[in-house]
Amino acid sequence: MGMTKVVALYSDKVMDHFTNPRNVGEIPDADGIGKVGNPQCGDVMWLYIKVDNNIITDIKFKTFGCGAAIATSSMITEIAKGKTLEEAKKISRGDVADALDGLPPVKMHCSNLAADALLEAIKDYETKHKT
Ligand code: FES
């Protein structure tokens, strides 16, 4: 059970996004915030979006979670940025896993966190901007 065995479970893309995550942080004046906890492990993620003209113009995340959760969070921010809210809502956990060249089956539940947090942030935005 050395490091090499653990690393070998993950694709190069997962390792890249885990070691160099994109869009990490917080947006203080976010238009929508999603917070999701993973009941299976207790990990938590916050996701912040800025919306302009129905388009996600900025997106950042903070994840207290495992490597797979960090990698999927990072990847989903790259996929969602520049998309319309309708397009962003359709991003599934499977899309994120595919974009990362797959996740080990035991880690698929970790990718739920990112997709759910994005949905929550969009819902939060829509609730706040109902006319
Ligand atoms: Fe908790 Fe992966 S083990 S999100």
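Bear in mind these aren't lab numbers, they're just calculated from the coordinates by the rules spelled out. What you see is a predicted model; the values in this text were computed from it and never measured. Cβ atoms come from the backbone with ideal geometry, glycine included; neighbour counts cover every protein chain shown.
Could you pull out every residue, at least 5 positions away or on a different chain, whose amide H is within less than 5 Å of the one on Val51? Hs are placed 1.01 Å off N in the peptide plane, and Pro or chain starts have none.
Close amide H contacts, sequence-distant or interchain: Asp31, Thr57.
What do you get for Rg/Rh over the chain if you use C-alpha atoms and the Kirkwood form of Rh? Please list the in-between numbers first.
On the way: Rg = 14.4 Å, Rh = 14.6 Å.
A ratio of 0.99.
Run through segment 1-110 and list the trypsin sites (Lys or Arg not before Pro) located in a DSSP loop whose Cβ has at most 14 other Cβ atoms within 10 Å.
Details: sites: Lys5, Lys13, Arg22, Lys35, Lys50, Lys60, Lys62, Lys81, Lys83, Lys89, Lys90, Arg93, Lys107; in loops: Arg22, Lys81, Lys83, Lys90.
Passing sites in segment 1-110 are Lys90.
Tell me the relative contact order for segment 19-131 as a rounded percent, counting alpha carbon contacts under 8 Å between residues six or more apart.
After rounding, I find 32 percent.
For the modelled label position 7 Å from the Cα of Val44 along Cα-to-Cβ, which residues of segment 62-80 have backbone nitrogen atoms closer than 13 Å?
62-65
Can you compute the helix-only [θ] at 222 nm over the chain? Use -39500 (n - 2.57) per DSSP H run of at least 4 residues, normalise by all residues, nearest 500 deg cm²/dmol.
Numbers: 6 runs with 61 residues, N = 131.
The helix-only estimate for the chain comes to -13500 deg cm²/dmol at 222 nm.
Can you tell me which aspartates and glutamates have their Cα less than 13 Å from the Cα of Lys123? Leave out same-chain residues fewer than eight positions away.
Asp31, Glu86
Mind jotting down the distance between the C-alpha centroids of segment 76-129 and segment 29-46, whole Å?
Between the Cα centres of segment 29-46 and segment 76-129 lies a distance of 12 Å.
Pull up the DSSP beta bridges for the chain and report the antiparallel fraction as a percent, rounded to 5.
Around 95 percent of the beta bridges assigned by DSSP in the chain are antiparallel ones.
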